[in-house]
Structures are given as C-alpha cells and as structure tokens.
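K.L.:
First, the structure itself, so that you have it in front of you.
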Amino acid sequence: MIDYSILDGKKASFFTLGCKLNFAETSTLGEMLLSHGVKRAAKGEPADICIVNTCTVTAMADSKCRQAIHKIIKDNPEALVAVTGCYAQLQPQTLSDIPGVSLVVGAQHRSELIPQICYALASKDSHMGEMKGEEFFPSCSHGDRTRYFLKVQDGCNYYCTYCTIPMARGRSRNGSIASLVEQARRVAEQGGKEIVLTGVNIGDFGRSTKETFLDLIRELDKVDGIERYRISSIEPDLLTDDIIEFCAHSERFMPHFHIPLQSGSDSILRLMHRHYDTALFRYKIERIKQLMPDCFIGVDVMTGTRGETPELFDEACRFIECLDISQLHVFTYSERPGTKALQIPYVVSPKEKHLRTQRLLELSEQKTHAFYERFIGKTAKVLLEHSSRLSKPMNGFTDNYIRIEIPNRPELDNQIVEVLLGGFNKTNDALCASLL
C-alpha cells in the first residue's frame, strides 16, 4: 500500500531538458504531485523534492543533464532528487552514481515515479526504479505560453542507425482516440485555444489501439473550443495524402508541417536506414504546397553523419536548396554508443561538422526570411502570448507560423486577433504588426 500522505506539504521543483514531449510529461508529473498536496517551490527556494526529466539525443545532451543535476543537488542539498527520462533509461547506473541522486526511474516507467518517490521518502533509501517494460504515459502540458502540448504517441519502431530513441523510449504505442479527445476537451474547458500534437513518431499512431493518425485528427477536429491544432513532427513516409488533404480543408488544423528529412542525399538516407528517399520527400512538399500554398514547412536536417563525404553533403545541399520550405532545424551528428552508425567507416571531423552546420543554418535563415517577406502588407489572424514585462512587445504566431510582435496589450493575452503584417523587427526574427 502506497502512503501518499508523506507527500503532503512538501515543496517540489521540476527541471526539464530536451524535447516538447519531455515538457508535456514533466507537466503531468507535476500535476500528479500537486494532487497529493505537494506545492511548487518558489524560484530560488530550496525544494524537498526535485524531479529532473532528462534527454539523451546527443552526447552534448548527456553532458548538459549531468551538469544540471550537479547544480540542482548543490542548490537543494536536503532534497530528494529523482531523475527520469531518456538518459535515465539508457544510463541509469551513471546517474545513480552521482552523489546526491536519490532515485532513477527510466523513461518507460514514468507512471511509477510518484510511488517510487513515496517509497524513497519513507525509507530514506536511494535506488533505481524499474527500467524495462513499455507503457503509454498520458501527458498534456501548458507552460507560460498559450499553447498546450498533447502527447498522443510514444516510442519508435524505426531503428535508424544514428538514433538511441527506440532504446530509450521503447516500441511505438499510443493512447486511445477517446482518451485524447477527452484531454483536448479539458484543455478547451481551461481556456486553451491551441494544441500541439506531440510524440516520438506520431504518424505511427494506432499501433496499440488499432486506430490511425487520420482517425485521431478527424475526431480532434470536432472538439469545440479548440481553435488551432499543430502537428509537431511527422515522418514523410507516414504523412499520407489523406492527412495532407484533411489538413488543407480543416479550419482548425493549421497550414504548418514539420517533416524530418535528415539528409538530402539518397546514399546517406540508405546509410541511416530511413524509410523514404528524396523523390518521396520532394513529392510530399510539392503536394502540401499545391493544396496549401502559404503553408509553413519546417525540416529537420543532420550534418556530419558517418559516411557523409564532401560530395554527398554538396548533393544534399543542392536538394535542400530547391525545396519550397520555410525553415531548417539543423542538428550536428553526435556519436551514440550502441548505434549501428558506428560501423560506418567514413568519419567527418568536428571542424568540418561545424562548417556544414553553419552552411545549412545560413540557408535556413535565407529561406525563413524569404517566406516571411511574402506576407508583408497582408492581414493575418494571430494568437497572442503574454509578455513577461509591459515594456516588452507581445509575440504571437499566424496560422502559418509567422512570428509577429505588437506593442504590449495585456488584455489581449491568449486572444486571436486580426493584424496587418509590417516589416521585420530589430532582431530580424519576427514581423512587426498592427491591430486592425
């Protein structure tokens, strides 16, 4: 029998590293603790419980996690420090060996974290929780922004040669459509207007419930009160024509896609064990633009992977340059223990990786600037976000994900307003706008 009363009156702090999915899961863990009488520690106030949700997507991410944990322990010397997430799943002993870490629970067993915290508080014992097994941990987060992040899927059955996520997150699984629709309804009741659908491989939705991602978005589209949905990231081979066409005709699913490419070279895609080629990727972009000419398309690209010779990188750049896309999310390849990529002989030097990353970041800036420029002088509907200070402008996003700023009007927080889009702001990362 778990004695949850031991949590009553405790103060907790939460620390999240990594992706939007992690933030959604941390938010849910926080709500679970609050339901048992735990209070959030004020900023700078020592906590009784510290929860650290970790990331392991790169070696740099591992390092940042360890640095964060050491600082948290230093700032909260009397706290029970519980570490969970992907890094905890893959390297539990490494984290458990850090002096001051009380509890390590893997990403696949987050639902056991609260009972494990109760046990650790009662026994004053440091230990590792269960690491094996797979479950779906429902999560929905709302930070200091207007958007909610709804986790619809977890895990991945794609074993790309460079990636450790299937080892950290497990096999693909998901919540039921009925349960996710209910969560969306609760968001609407709380006044939320925009939901971002998150997951590890959300196009693979339905593995554990025999449903489909298309079925899911059709049902979410019917939820009253939610005015905007965005799809966080979807693999090109799982982005079907039916999904594209549905989004094109939906008033609630925004003209905004994020699609992983990883490389514009078919040779590299084969080395990565990706599930598509450049011809399929080009077709998906063209089909989206045919139905939604103003659609914002973000694309993930990785530089410096094993096997990426200068010739293949140039080939990849030429392909990306010709795509009608809006932004690149550029990642520098990081060697990960246990991945098949380590068997590929050609290694790119750190200096060359940096140069390639910079080249693609510059290309991304050019494409984003050109995309924004097309809409100067046009009107758009924007969901506004509050600013931390009255002296700072408010920000928001158009339906097709153009970031805008207007003079601060606190009463317009979380409101959808119509604006006239002007020129670029001082930092060149948003368009100035005026209310109509």
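K.L.:
Show the residue pairs meeting these rules: Cβ distance below 8 Å; 6+ apart or different chains; first residue within the stretch 386-404 and free of Cβ contacts under 8 Å to residues at least 24 places away in the same chain and not assigned by TED's automatic domain parsing to the domain that holds Glu251; second residue aromatic (Phe, Trp, Tyr) and surrounded by 15 or more Cβ atoms within 10 Å (Cβ to Cβ).
P.N.:
If the second residue must be aromatic (Phe, Trp, Tyr) and surrounded by 15 or more Cβ atoms within 10 Å (Cβ to Cβ), the pairs left are Thr398/Phe375.
K.L.:
Here are some residues: Leu420, Leu360. Which one is at pLDDT 95 or above, in contact with a Ser or Thr (Cβ under 9 Å, 6 or more places away or on another chain) and more than 30 Å from Cys317 (Cα to Cα)?
P.N.:
Result: Leu420 is the single residue among Leu420, Leu360 that is at pLDDT 95 or above, in contact with a Ser or Thr (Cβ under 9 Å, 6 or more places away or on another chain) and more than 30 Å from Cys317 (Cα to Cα).
K.L.:
Select, from Val301, Val223, the only residue that is outside the structural domain of Ala59 (by TED's automatic domain parsing), among the β-branched types (Val, Ile, Thr), buried (at least 17 other Cβ atoms within 10 Å of the Cβ) and touching a Gly at 6+ places or on another chain (Cβ under 9 Å).
P.N.:
One residue alone meets the criteria, Val301.
K.L.:
When only residues in the stretch 202-252 that are closer than 15 Å to Arg173 by Cβ and among the small types (Gly, Ala, Ser) count, which is nearest to the chain's Cα centre (by Cα)?
P.N.:
So, considering only residues that are closer than 15 Å to Arg173 by Cβ and among the small types (Gly, Ala, Ser), the one nearest to the chain's Cα centre (by Cα) is Gly203.
K.L.:
Among the candidates Leu291, Leu328, single out the residue that is among the aliphatic types (A, V, I, L, M) and either surrounded by 16 or more Cβ atoms within 10 Å (Cβ to Cβ) or more than 30 Å from Ala380 (Cβ to Cβ) (or both).
P.N.:
Leu328
K.L.:
For the stretch 371-413, name all the residues that are among the polar types (S, T, N, Q) and under 10 Å from Leu431 (Cα atoms).
P.N.:
Asn395 - this is the single residue of the stretch 371-413 that is among the polar types (S, T, N, Q) and under 10 Å from Leu431 (Cα atoms).
K.L.:
Moving to a separate point now. Condition (residue is in the same structural domain as Tyr162 (by TED's automatic domain parsing) and part of a helix (DSSP H, G or I)) applied to the stretch 326-340: is it met by at least one residue?
P.N.:
Within the stretch 326-340, one or more residues are in the same structural domain as Tyr162 (by TED's automatic domain parsing) and part of a helix (DSSP H, G or I).
Per-residue answers, yes or no, for (1) hydroxyl-bearing (Ser, Thr, Tyr); (2) farther than 25 Å from Glu182 by Cβ:
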| site | (1), (2) |
| --- | --- |
| Val223 | no, no |
| Ile231 | no, no |
| Ile234 | no, no |
| Asp242 | no, no |
| Ser267 | yes, yes |
| Arg274 | no, yes |
| Arg287 | no, yes |
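K.L.:
Run down Leu269, Leu197 and say which single residue is under 29 Å from Phe313 (Cα atoms) and either hydrophobic (A, V, I, L, M, F, W, C) or modelled with pLDDT of 95 or more (or both).
P.N.:
None of the others qualify; the one that does is Leu269.
K.L.:
For residues that are charged (D, E, K, R) and part of a helix (DSSP H, G or I), scanning just the stretch 39-92, find the one that is surrounded by the fewest Cβ atoms within 10 Å (Cβ to Cβ).
P.N.:
Lys74
K.L.:
Ok, one more. Could you list all residues from the stretch 184-209 that are assigned to a helix (DSSP H, G or I) and more than 16 Å from Arg228 (Cβ to Cβ)?
P.N.:
Arg186, Glu189, Ile202, Gly203, Asp204
K.L.:
Look through the stretch 370-405, keep the residues that are of a type in the set (Phe, Trp, Tyr) and crowded, with 21+ Cβ neighbours inside 10 Å, and return whichever of them is nearest to the chain's Cα centre (by Cα).
P.N.:
Among those that are of a type in the set (Phe, Trp, Tyr) and crowded, with 21+ Cβ neighbours inside 10 Å, it is Phe397.
K.L.:
Moving to a separate point now. How many residues are surrounded by fewer than 20 Cβ atoms within 10 Å (Cβ to Cβ) and touching a helix residue (DSSP H, G or I) at 6+ places or on another chain (Cβ under 7 Å) when one looks only at the stretch 101-125?
P.N.:
Total satisfying the criteria: 3.
K.L.:
Which ranges mark the strands (runs of 3 or more DSSP E) fully within the stretch 216-319 that have 1 or more residues being farther than 30 Å from His354 by Cβ and among the aliphatic types (A, V, I, L, M)?
P.N.:
Output list reads 228-231.
K.L.:
Any chance you could count how many residues in the stretch 147-173 are crowded, with 20+ Cβ neighbours inside 10 Å and free of Cβ contacts under 8 Å to residues at least 40 places away in the same chain?
P.N.:
Number satisfying all stated conditions: 2.
The values are calculated or read from the model by the stated rules, or taken from the named source; none is laboratory data. Not measured: the values here are computed from a predicted model. As a convention, Cβ positions derive from the backbone with ideal geometry for all residues, glycine included, and neighbour counts pool all protein chains shown.
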